[in-house]
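Derivation of every value follows stated rules applied to the coordinates shown; laboratory data play no part. A quick note: this is a predicted structure, and the numbers were derived from the prediction, not measured. Here the Cβ positions follow ideal geometry from the backbone for every residue, glycine too, while neighbour counts run over all protein chains shown.
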């Protein structure tokens, strides 16, 4: 049977930022099917669900890295920033990484200098540049060798925010952070007066932290290859309460109190997610922007 997937192009910017209709990803096996989503422009949406439910795959479908076999995806813009669960960073300085692929930074422009400092303050509250050998001119190293996992998460998130893209896709960006730092960054970026709210950025966040459900505009629960429920907090708070155990596990991992056996289990679960993505990825397409990159394009 031939493919019937279509990319319908650009939506009006003043209404819906991301729209899918009868989206199906994967054939043998099917990863997701019957996916109908409308994410309002300037809103904050969370995608939640058990490991292997297709959360990361859905984000990659928005980026055109995973090509569905059926249905349609429409976006309001091509200006998209993406932060992967395992962030990729270029082998340069911290400052260069945060500036990313954008060309808006100028050392002599006071507005851009202020924006840089605001972004790093909001995204890196526990990353003390003074403690690093050359402050934010410290080289990251190949594969982020010179930074800890948490530091890489901070820098990757700052890189995505700095670009001021219209759409921001974040795949579990707090996984390497402790609970207190995670909440601080969430409030800084997504709270009532947070950076993304002020910029009217459309944000799609993959997270199982149920503590944030009441702070977002739209929640999408995935399970059994499809959307099991979606809506705002009032619509589905009973379902949100049922995910409380997932949130506890998530924070325990972030606080690094799991045993070696639990760490091994986490590696296996992450490997399962990566397998899920590989099953759906179209290979050999020169239009793909990269492999698991915290990549930014067309943003200003």
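Observations on the structure shown:
- Cα shape, the stretch 143-234, gyration tensor, a/c 1.5 rule: prolate
- Remark: 182, 96 ranked as 96, 182, counting other beta-carbon atoms within 10 Å and listing the fewest first.
- Shape category assigned to the stretch 140-182 from the gyration tensor of Cα positions, a/c cut at 1.5: oblate
- Potential lengthening between residue 15 and residue 111 on full extension [0.36 nm per residue; Cα-Cα distance subtracted]: 31.6 nm
- Listed by Cβ neighbour count within 10 Å, with the fewest neighbours leading, 212, 116 appear as 116, 212.
- Modelled spin labels at residue 132 and residue 215, positioned 7 Å past Cα toward Cβ, are 2.5 nm from each other.
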